[in-house]
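S.K.: To start, I am sharing the structure in question, which I have written as structure tokens.
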Amino acid sequence: MRLLNWIISKIKRLLSRRKFIPKRKPIFLSWRIRARADRKFNKRLNIFKQRNKRKPTKNELVRIAINASHTTIRKRGKRAHWQRQKIRKYVLEKRNIVKNFKMK
């Protein structure tokens, strides 16, 4: 009887593990970097509106976010790449441009 209970409990554990989906940590950006990224994005957005006399399309908004991330983080290397990705994710999701931005 104990053997049967042990086998059943092992099977339940295995089945429950397959259903478990780990939650992602929220991305960490300091309030200074967030504020700076917002300022750079707004500046680029206003420049675009003045030059083209229209609202940007979704693709153009993504390009503006990319430019803003590059002006926010000017360093080079792997770490700077991931910081820029975090900034892009923050800006695009905050403004509902992209629902769930995947960092690449």
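The values are calculated or read from the model by the stated rules, or taken from the named source; none is laboratory data. Nothing here was measured: the structure is a model prediction, and the numbers come from that model. Here the Cβ is made from the backbone with ideal geometry for all residues, glycine too, and neighbour counts use every protein chain on show. Surface accessibility is based on the protein's heavy atoms, side chains included, excluding ligands, DNA and RNA. Shrake-Rupley method; radii C 1.70, N 1.55, O 1.52, S 1.80 Å.
S.K.: Got a sec? Which of I66, I27 is modelled with pLDDT of 90 or more and under 23 Å from the mean Cα position of the chain (by Cα)?
M.R.: The unique qualifying residue is I66.
S.K.: Can you name every residue in region 74-85 that is surrounded by fewer than 20 Cβ atoms within 10 Å (Cβ to Cβ) and under 17 Å from the mean Cα position of the chain (by Cα)?
M.R.: Listed by number, the residues that qualify are K78, R79, A80, H81, W82, Q83, Q85.
S.K.: Between a residue in region 34-52 that is at positive phi and any residue that is open to solvent by less than 90 Å² (accessible area, probe 1.4 Å) and among the acidic types (D, E), which pairs come within a Cβ distance under 7 Å, given they are 6 or more apart or on different chains?
M.R.: The qualifying pairs do not exist here.
S.K.: Taking the condition of being of a type in the set (A, V, I, L, M, F, W, C) and modelled with pLDDT under 95, how many residues in region 48-60 meet it?
M.R.: Residues that pass the stated criteria total 0.
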